[in-house]
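Colleague: Dropping the structure in here first, questions after.
Where a number appears in this text, it was derived from the coordinates with a stated rule and is not lab data. All values derive from a computational prediction rather than experimental measurement. Glycine also receives a Cβ, built like all others from the backbone with ideal geometry; neighbour counts cover every protein chain displayed.
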Amino acid sequence: MTQLQGNPSLVAAPRGSLDPPEEPWWRFLTFSTDHKVIGIQYLVTTFFFYLVGGALAVAVRAELATPEADFLGFERYNGAFTLHATIMIFLWIVPALVGGFGNYLVPLMIGARDMAFPKLNAVAFWLVPPTGILLLASLFLEPPSAGWTSYPPLSLVSGKVGEELWILSILLAGTSSILGAVNFITTILKMRMPGMRMQDMPLFCWAMLAASVLTLIATPVLAGALILLSFDLLAGTSFFNPSGGGDPVVYQHMFWFYSHPAVYIMILPVFGIISEILPVHARKPIFAYKAIAYSSLAICFLGLIVWAHHMFTSGTPDWMRVFFMIATMSVAVPTGIKVFSWLATLWGGKIHFRSAMLFSLGFISMFVIGGLSGIILASVPLDIYVHDTYFVVAHLHYVLFGGSVFGIYAGLYHWFPKMTGRLLNEFWGRVHFVLTFVGFNMCFLPMHKLGLMGMPRRVAQYDPQFADLNWISSVGAFVLAISTLPFLVNAIYSWVAGPKAGDNPWQALTLEWATSSPPPAHNFYGDPILLTGPYDYGLHSKETLDYFAAQLQSLRELALAEAEPTTSS
Amino acid sequence: MSALSNIILVGIGVLLTLASLWYGQNHHLLPEAAANSAPLFDSLFNSTITIATGIFLVVEGVLLYCVIRYRKRRGEHGDGDPSHGNVLLEIVWTAVPALIILWLGLASIDVYQAIYGGTNVGGHMHAAMGMGSSEEAKAGEPGYAYTPVVLPGKEMGQPDLVVQVQGMQYGWLFTYESGLVTSELHLPLNRRVRLNMTALDVNHAFWVPQFRLKQDLIPGRETHLEFVPTQLGTYPIICAELCGPYHGVMATQLIVERPEDFERWQQEQLLAARGDSSALALAADSPPTHHHPPADSPAAASAFAQVHHQRLGVSPADLTSLKLHKDSVLLTRTGTG
């Protein structure tokens, strides 16, 4: 199916007739409809916003290094944490995973030439820069200051300009998400290559399907909430304003109806990425493929009926709290199935400690901690105590950073060679991992205790008894900031001048590795052929693997011979 | 598997269990317990920590074992053992978490009913509709079917005293049945108190960590808390819902004192209030009883008073006019002036 061990002539293909034609670098700045270009556009754009959100986080932690509000001051602080969260969610994690990895990988993994709606895909991407421009503009004009949750009535009295900029940018981001979801569902259900049934496709595709269903159902409700909030803000209506007969809690219901599924949108693709990386770098089939696939669908369904666990203190009735508690706790079961299956995948393998694997191992460890604090948050009486405290901040960062960001880094290390044709430096990858792991835990582990001992969230000034733990946390944040440097330098340098990767440096079996690095514009030379299951490590003899490689070699030569004579560089 | 490895496995299991049980009781993650609700919360929390520690140790232990035992060694090529499923294992690791969360869910329902049962029967829009407050809410509400007795003779829904609480940017007003309005909450020891709460401007939340209680204050509706303070002392009341730039300094104090001291304090305050309209402000800086912290300590002057006096220029006259405004616009309370 791909280049495999035992066939050295193809393992490191020299530049020559087997490479795709050079495409101009400035295509990344255009309205390209190629899903691979769009995927990279998403990844680079969102990484830029990750750095912006990270700078805001450093500003927040600089303020919190001492108990007094003596760095940003009270007003600017609220803008800082509001923009930090908004940017990280809507301009980094969601678009990087769905728009970046989703777009790049799904057509390749299912043997398609592009997504179902390439132009729609480009439109979805080009909604992202305006989203970012509006939020960056608010940084200079008037930042939104009511938290990324923007609860009324506070959001109606915290500055019209900032709040409306926030609303408009999220509406753009939500539109982009919805367009993408339509594209993914259609592509996955309708464009798999002949012979690839649903149960033959890589688990990343199952994850993208589940995430896209969530996006399609939930995002329009957020749009509704924000449009109504806009009317209250600008036109004097009273949907959520009690002085006019409105109800602030209705906003909370509408907001969380989207924002809870949003967290599953931010983690399901990562679950898919981990399910792809572990088999390759542990040289073992994924354990319990069907259970992992169906658990993604279970999480999708359950994710839609748990939103009010964010509202256990909002005066919601008892029966409602109990219902949402039971539904929320149930999510632990399919999630646990995945974690145990990943452990079983590692068990008995031959584990290569490349950067992608290190970040995957870090992901499992950190996400489990986040999941356990999530179990505490699922219980109504326990949640009521820790709601709106630093315990929640700890939980959300363990699942969003320890989970999603570690997963994104794992995916970047794993697929960078496919996307760019060059290898990242492994030594600096390990340095990056160690710095990230240490800085992350230093920053966020103390927050569990801070919240439990009485520190609320979203405060610029706090009781001096919390000074020591906050100091440690802020030092950790600075370590985290520094940790991005080895990655940035590594990525930029390697993209330009790193060693050539060849088609399949990891000797993996999924279809994206069965073509060149980077793939040609039409993804595959000739029609892709399905020679093996996506996780059949250890199941084929050396003779079979050599036969696969020979098949692909001849297919490619045939396709290149039929193409224009001036294809080679 | 050999007998030796079975013994080792059981031994590891025992160690993990003991470690988890120990940490569940010795985590030092919570402040002191000062109300009837706290021990209920703490026992559930400790059990949950025990289970979470156990799960974490198992997952991390297996991961580290794999990383060591199944690492690719130098010179090794080829793939791992191609196993990809085991039905029994999958059933076990589906059923065990399901049982754990079943237990946690039931235990949580128990604790929730004991602490909050019947206080949250739906955020009726009393304020906006101008209805009377808690009395009408009680009659015929389904929530009051759950009345676990926490202290003898003291049942949910039958408070010894009722205090109206209003939250606003950036402090609280507490109105007692006697008509006294203060910015600090004094309560008598071992008496059941009910708080009827609302907000005057944006969302706030009333949080006392030592009582393990929290409830949002939402403009346009009334929310409630009921509890019995069981320990003398001064505890912080912290706002726990973002309410503006000064959310971080919106805090006041809850002072639990002996019932006779509480009565004496109330009488003193009422006399002072009758004599001088600026006594409303002085209620925040009332003379320390023997349960107040020393007058010159940072904890004595409530952050609320500090912020108002220093940053926002709110004078006692402003507070008086706010009280009058409140009476004319908002819901009427039983027994207040």
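Colleague: When you look at the Cβ of every residue in B:190-202, what mean number of other chain Cβ atoms sits within 10 Å?
Modeller: That average works out to 2.
Colleague: Here's something else I'd like to know. Would you mind giving the average projected area, over all directions, of the Cα convex hull of the range A:496-565 in nm² with one decimal?
Modeller: 5.8
Colleague: Stokes-Einstein D for the range B:214-263 at 25 °C, 0.890 mPa s, Kirkwood Rh over Cα pairs, in µm²/s?
Modeller: Once the numbers are plugged in, D ends up at 186 µm²/s.
Colleague: Per residue and in cubic angstrom, what volume does the convex hull of the Cα atoms of the range A:79-137 have?
Modeller: In the range A:79-137, the Cα convex hull volume per residue is 62 Å³.
Colleague: Within the range B:228-243, which residues have the backbone N less than 17 Å from the label spot 7 Å out from residue B:260 along Cα→beta-carbon, could you tell me?
Modeller: Inside the label zone: B:232.
Colleague: If you don't mind, another one. Any of A:284/A:500; A:36/A:119; A:190/A:338; A:338/B:72; A:350/A:500; A:119/A:500 with alpha carbons more than 20 Å apart? Name them for me.
Modeller: Exceeds cut-off: A:284/A:500; A:190/A:338; A:338/B:72; A:350/A:500; A:119/A:500.
Colleague: I need the P(r) histogram for the range A:195-278: all alpha carbon pairs, bin width 10 Å from 0 out to the longest distance, whole percents.
Modeller: Per 10 Å bin, starting at 0, the Cα pair percentages come out as 17, 33, 22, 16, 10, 3, 0.
Colleague: In addition: Calculated from DSSP H runs of 4 or more alone, at -39500 (n - 2.57) each and per residue, what is the 222 nm mean residue ellipticity of the protein assembly as shown, nearest 500?
Modeller: Value at 222 nm, helices only: -18000 deg cm²/dmol.
Colleague: Amide H of residue A:389: which non-local residues (sequence gap of 5 or more, or other chain) have their own amide H closer than 5 Å, using H built in the peptide plane?
Modeller: For residue A:389, the qualifying residues are A:457.
Colleague: Quick one: Karplus J couplings for the range B:20-27, per residue in order, coefficients 6.51, -1.76, 1.60, θ = phi - 60°, nearest Hz, x for Gly and Pro?
Modeller: Along the range B:20-27, the couplings run 5, 4, 4, 5, x, 9, 10, 7 Hz.
Colleague: Over the Cα atoms of the range A:74-200, what is the Rg over Rh ratio if Rh follows Kirkwood?
Modeller: With Rg and the Kirkwood Rh in hand, the quotient comes to 1.13.
Colleague: Go through the range A:382-391 residue by residue and turn each phi into a ³J(HN,Hα) via Karplus (6.51, -1.76, 1.60, θ = phi - 60°); whole Hz please, and just put x for glycine and proline.
Modeller: Working through the residues one at a time gives 5, 5, 4, 5, 9, 4, 6, 10, 5, 5 Hz.
Colleague: Sticking to Cα atoms, compute the Rg of the range B:53-114 to one decimal and its Dmax as the biggest Cα-Cα distance, whole number, in Å.
Modeller: 18.5, 63
Colleague: R0 = 41 Å: FRET efficiency of residue B:158 with residue A:66, Cβ-based, nearest 0.05?
Modeller: 0.30
Colleague: Now for a different question. Quick check: convex hull over the Cα atoms of the range A:287-440, volume per residue in Å³, rounded to an integer?
Modeller: Dividing the Cα hull volume of the range A:287-440 by its residue count gives 126 Å³.
Colleague: I would also like to ask the following. Can you pull the one-decimal nm distance between simple spin-label points at residue A:542 and residue A:30, each 7 Å off the Cα toward Cβ?
Modeller: 4.7
Colleague: Additional query: How big is the C-alpha Rg of the range A:433-481 next to the rule-of-thumb value 2.2 N^0.38 Å, as a ratio? Intermediate results must be reported in sequence, preceding the final value.
Modeller: Values: Rg = 11.1 Å, N = 49, 2.2 N^0.38 = 9.7 Å.
Here the Cα radius of gyration is 1.15 times the empirical estimate.
Colleague: Whole-Hz ³J(HN,Hα) for each residue in the range A:338-347, computed from phi via Karplus 6.51 cos²θ - 1.76 cosθ + 1.60 with θ = phi - 60°, x for glycine and proline: what do you get?
Modeller: 5, 4, 5, 5, 5, 4, 5, 5, 5, 5
Colleague: With a Förster radius of 51 Å, plug the Cβ-Cβ distance of residue A:438 and residue B:83 into 1/(1 + (r/R0)^6) and report the FRET value to the nearest 0.05.
Modeller: 0.90
Colleague: With no solvent and one equal point scatterer placed on each C-alpha of chain A, evaluate the Debye formula and give log10 I(q)/I(0) for q = 0.06, 0.10 Å⁻¹, two decimals.
Modeller: Scattering profile of chain A, log10 relative to I(0): -0.30, -0.83.
Colleague: Can you give the Rg and Dmax of the range A:382-515 based on its C-alpha atoms, in angstrom?
Modeller: 19.2, 59
Colleague: Go ahead and run the numbers for FRET between residue B:27 and residue A:468, Cβ-Cβ distance against an R0 of 30 Å, rounding to 0.05.
Modeller: Using R0 = 30 Å, I get an efficiency of 0.95.
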